[in-house]
Structures are given as C-alpha cells and as structure tokens.
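Trainee: Once you've had a glance at the structure underneath, I'll fire off some questions.
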Amino acid sequence: MTKPVLVVTSRYPKAVEDRIDRDFNARRNPNQSLFSQQQLLSAADGADALFITPADRLDSVFFQKVSSSVKIIATFSVGFEHIDLEAAARRKISVAYTPGINSDATADIAMLLLLGASRRAYEAQELVRTGSWKPLSPDMLLGWQVGGKVLGIFGMGRVGQAVARRARGFGMKIHYNNSSELPAEIAGDAIYHKDSSDLLRVSQFLSLHAPETPQTRHFLDSKTINLLPPGAIVVNTARGGLVVDEDLIGALKTGRIAAAGLDVFDGEPKLNPGYVALKNTFLLPHIGSATIETRTAMGMLALDNIDAVLDGRPAPTLIQS
C-alpha cells in the first residue's frame, strides 16, 4: 500500500522520526533549513498532510494557493496563532495541535527563570565563565528570596497550575487571574483576582501564562508595569507578544522591575537587543517544552492526529475539522 505523503518542516526526537519514516513518504527541505512559503507550497503539491511548527507562518495567501490534496495540518505546538484558521476552514483543511503535554516541562522552565532572575544567575555565571570571579564581599550579587513572596500567575491554565504547585514548594503565596475562577479542588489556597489590575498590585513576582489573543497582546506595558510593587520580578514562558518590550526594558533599566526571566520573545528568534544588553535579565531561547519526553509525546500526538484524519477516524486534538 502506498504511504501517505507528509511534508515535514523540522526535525524531531528519534522515536518521532522513526515513526515518520515507517508510516509516511516524508518530504523535507533538502537544505535542512526552514521552508520559505513558496518552497512549502511546492512541497505540499500532491501531499496528504503537513507537519509544521510555529516557525511556519500559514496565512490566507498560503491557503489560497495550497494543494487541494492536503487534508490536515498538524502543528507541533500548543499555540496556533501562526495559522489562519478561517482560511484553512474555507479550504476544508483540518488543523490539529498538541495541547496538554508540555505543562510540566514549561513549568520547570518558569521556575528556572524565576530563580535565575531572582538570584542574579546570569551575572554570577558570567563571573565564572569569564574568569572574573574573585572573593565576593557580603554585599555583592545580592538577590531576592522567593519564600514568603506573592507569585501572581496571569493565566491559570495547565501550565499556570503546574507553576503554582512548584512555587508552593518554595514557600510562595499564589494569587492568580484567569478568565474564570477555578474550582476549589484545583485552586487550593490560591487567591483569585477577577480584575488583572488587582493581581498586579500584589504580585512581587509575576509569571505570564495566558495565550496571546487580541485581548492579551501587550498586556504588560508601562501602565500595567506601574501597578506592580516596586522591584517586582517578571517571568514569561507564554508568548512574547504579551509584553511591550520597550516598556519592560525601560523598567528594568531604572530598577522599577528588579529582574526578568524570559523564554519567549516577540518576533523570535529575533529579540529586542535591549534585553541582551542588560545584566538583570535571565534569557532562554524558547525551550519550555524541550525535554525528550515532552517533545516525543508532542510529536506522537501530532502524528496521531494526522493518522486519524487520513483514516477517517475521530482525531484526538483537532482545533477544527
């Protein structure tokens, strides 16, 4: 039996690659680089499915031109703002994503960023790596303890809840804002703020976990930053678009915000160079889900969706069919 043709735009953990090679006739970019839109359209000619990542931007023009043979597009991500869903629906192309898998891995990174920012880990590591480490006086590299502090969580979905569980282990007090209040058995001792402004006013640490939508884009700007307690610490493992970069950079320069730990950036992989120039930033290259276990599970779920649609079966995590 002829294998379905699958356009694959990236590389995945070995178990996922083995399944692709076993079950599909895979088309890849021979240069092992990102497809341009035209290259992706050419590769999709006669293909049954596309397996993409957020680096692949599928706009309305793409869907106007894509081959009618394509039945499903599976994105290796929880977010799907890189896909024009309305345009996909007009072409009757199913779209799938990979929710509910990366919560623990991303929460681990959020705590790494929180601790790295609060304990000035970048500055400390720089001393060691540059050979500049000399005996430190007791007033040098003083950071901020997390125990007993209020952690405000903006967006209390799966990742936010996983961060709350971890932060409690460090003795932090959890406050949150969400589209709706969580049931008591899930929220535990976390304090709900219906108004995000009320959350900001008490958040000595603020961790962003909301999706990027027209309502949340640029949520953290000069106005909302000024609601935070002086010297607050900001963490973002959600989407770079939640933050107005120039406003956060300005607050970091003045000390209004003591430090920031960031794994996501607006326009990534490019980022505002102002972050790099600062000592009080702890920066990572969007590695929230980067464990073997998580990325293998995400890849397998994406392929499960593709298999199901091509076989005419209900798919586990379609955004739309």
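The values are calculated or read from the model by the stated rules, or taken from the named source; none is laboratory data. Predicted model only: the values in this text are computed from it and were never measured. So basically every Cβ, Gly included, is an ideal-geometry build from the backbone, and we count neighbours across all protein chains shown. Heavy atoms of the whole protein, side chains included, go into the accessibility calculation; ligands, DNA and RNA do not. Shrake-Rupley method; radii C 1.70, N 1.55, O 1.52, S 1.80 Å.
Trainee: Tell me, please, whether a residue that is open to solvent by 60 Å² or more (accessible area, probe 1.4 Å) and aromatic (Phe, Trp, Tyr) can be found in segment 147-157.
Mentor: no
Trainee: Now for a separate question. Which count do you get for residues in segment 104-134 that are touching a helix residue (DSSP H, G or I) at 6+ places or on another chain (Cβ under 8 Å), in a helix (DSSP H, G or I) and either among the small types (Gly, Ala, Ser) or open to solvent by 30 Å² or more (accessible area, probe 1.4 Å) (or both)?
Mentor: 9
Trainee: Okay, next question. Restricting segment 66-96 to residues that are farther than 25 Å from residue 11 by Cα and in a helix (DSSP H, G or I), which is least open to solvent (accessible area, probe 1.4 Å)?
Mentor: Among residues in segment 66-96 that are farther than 25 Å from residue 11 by Cα and in a helix (DSSP H, G or I), the one least open to solvent (accessible area, probe 1.4 Å) is 87.
Trainee: Can you give me the ranges of the strands (runs of 3 or more DSSP E) entirely in segment 203-321 with at least 2 residues that are at negative phi and either among the β-branched types (Val, Ile, Thr) or open to solvent by less than 30 Å² (accessible area, probe 1.4 Å) (or both)?
Mentor: The strands (runs of 3 or more DSSP E) meeting that bar are 205-208, 232-236, 257-262.
Trainee: Of (1) touching a residue at least 60 places away in the same chain (Cβ under 8 Å); (2) assigned to a strand (DSSP E or B); (3) open to solvent by 30 Å² or more (accessible area, probe 1.4 Å), residue 101 satisfies all except one. Which?
Mentor: (2)
Trainee: Please determine, by comparing only the residues of segment 1-37 that are open to solvent by 40 Å² or more (accessible area, probe 1.4 Å), at pLDDT below 95 and of a type in the set (A, V, I, L, M, F, W, C), which one is farthest from residue 302 (Cα to Cα).
Mentor: Among residues in segment 1-37 that are open to solvent by 40 Å² or more (accessible area, probe 1.4 Å), at pLDDT below 95 and of a type in the set (A, V, I, L, M, F, W, C), the one farthest from residue 302 (Cα to Cα) is 1.
Trainee: Also, quick follow-up: Among the residues of segment 38-50 satisfying the criterion of being in a loop (DSSP other than H, G, I, E, B) and in contact with a Leu (Cβ under 8 Å, 6 or more places away or on another chain), which is most open to solvent (accessible area, probe 1.4 Å)?
Mentor: First, the residues of segment 38-50 that are in a loop (DSSP other than H, G, I, E, B): 45-48.
Next, from what is left, pick out any that are in contact with a Leu (Cβ under 8 Å, 6 or more places away or on another chain): 47-48.
Working: 47: 0, 48: 36 Å².
Only one residue tops the list, namely 48.
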